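Here the structure is laid out as structure tokens; the discussion comes afterwards.
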Amino acid sequence: MNILITGGAGFIGSAFIRNIAKDKGNVVVNVDKLTYASNLSSLESLQGSDNYSFEEVDICDYQSILKILNSYKIEAVINLAAETHVDRSIDDSSPFIKTNIVGTYTLLEACCEYWKKLPVKVKSIFKFVHVSTDEVYGDMHGKKPCLETTPYSPSSPYSASKAGSDHLVRAWYKTYGFPSIITNCTNNYGPYQFPEKLIPLTIYNAIEGKELPLYGDGNQMRDWLYVNDHVEALVIVLNKGVVGETYNISSNEVNTNKNIVEKICEILSRIDGNKKAIDYFSLVRYVKDRPGHDVCYSLDSSKIRSQLGWKQKTPLINGLEETVKWYCNNNKNNVMSNYERNRIGQLKED
């Protein structure tokens, strides 16, 4: 299958590509505009591979996207291109509106135009999988985990922009019959994640003996999903998912942010063996909560489990330990310089 992945140099996108490209029957095309959170070094193992190509393109560029679709004879699109960090969306929402809403609209327009002109056989198998977030459902406020039919109630500029993109995808399916599927996942974690999210930021700060900030009382509850489990769910959706449907993807392991930070401290203490003489737990600091901070996100993923046969393989404690070890072996300066080096190298090639 010829598969186009947008945002393929990002955290989830690169993990998806590493998975899907193992099948040499797949031709994988990575489209990414290389923002601050992109990391081509996470795909170094695929450089020179016959079934992998990279295109530095913004999904807002209609003509370039259409050209790529035609050039590679694309049969499926996985849309992972998005601005994702809530704090950044609060400081400046414009990139989130541009990429998540305008970008999704432009991508839909190009893909739909391309799809309409496909031969009947290819047209019948074409799929557009749009990857979204649990945050579109808003704060649970003690309610049961959200179903795919739960009404949207986004709280932040980020979640509002993702909700908008989801609505666009559904509209293209209902209006034009465009063969799309939406997935909503919980918080992902794992190797290669840009160090601005809770888990990698906590690990790096702890390693460096810096304070570990927690918003409010630290009791915000999140469902944490190991990125490789999420990727396997997306592969199943691509192969077996029903067009027009939505699938929630979650681990059913809800923890407070405070508990996650404490687990990281415990793992680091055990790995370190007190060689650094750092009391990681003493580094925790409670800071002023961010505006509109939802207390709890949780998804009911029984639909994808019962209908498509997916289940997560990685318990939280196992995934956290693997993640901590990875970041311990890839210090922050090296990871950050990789981002900068990739971008500079790309500019020189242009």
Please give me the summed charge of the neighbours of S132: other residues whose Cβ is under 14 Å from its Cβ, Lys and Arg +1, Asp and Glu -1. -4
Please give the net charge around D58, taking every other residue with its beta carbon less than 11 angstrom from that of D58, where Lys and Arg add +1 and Asp and Glu add -1. -2
Quick one: if you stick a label point 7 Å off each Cα along the C-beta vector at K174 and I317, how many nm between them? 4.6 nm
Under a crude label model (7 Å from the Cα following the beta-carbon direction), how far is F281 from E196 in nanometres? 3.3 nm
Could you work out how much longer the chain between D87 and K144 gets when fully extended? Use 0.36 nm per residue separation minus the Cα distance between them, nm to one decimal. 17.9 nm
Rounded, prolate or oblate for segment 1-135? Axes are the square roots of the Cα gyration tensor eigenvalues, ordered a ≥ b ≥ c, and the cut-off for rounded is a/c under 1.5. oblate
Calculate the dipole size of the chain relative to its Cα centre from +1 charges on Lys and Arg beta carbons and -1 charges on Asp and Glu beta carbons; express the result in debye to the nearest 20. 740 debye
What 222 nm value per residue comes from the helices of the chain, counting each DSSP H run with n ≥ 4 as -39,500 (n - 2.57) and dividing by all residues, nearest 500 deg cm²/dmol? -12500 deg cm²/dmol
For L225, the residues 5 or more places away or on another chain with a placed amide H closer than 5 Å to its own amide H are N187, N188, Y189
Find how many whole Å separate the alpha carbon centroid of segment 146-179 from the alpha carbon centroid of segment 58-125. 15 Å
Could you grab the relative contact order for segment 180-331? Cα pairs under 8 Å, six or more apart, rounded to a whole percent. 39 percent
Helix 157-176 against the longest principal axis of the chain: what's the angle in degrees, Cα atoms only, rounded to the nearest 10? 20 degrees
Computed from the beta carbon distance with a Förster radius of 45 Å, FRET efficiency for K117 and W326 to the nearest 0.05 stands at 0.55
Using a Gaussian network model on the chain with a 10 Å cutoff between Cα atoms, which of W326, W310, W224 fluctuates the most? W326
Could you tell me the relative contact order of the chain? Use alpha-carbon pairs under 8 Å, at least six residues apart, and round to a whole percent. 18 percent
Roughly how many nanometres apart are two label points built 7 Å out from the Cα toward the Cβ at K98 and Y152? 2.2 nm
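The numbers here are math on the coordinates, done by the rules we state, and not lab data. None of these values were measured; they are calculated from a predicted model. Please note: Cβ atoms are built from the backbone with ideal geometry, for glycine as well, and neighbour counts cover all protein chains shown.
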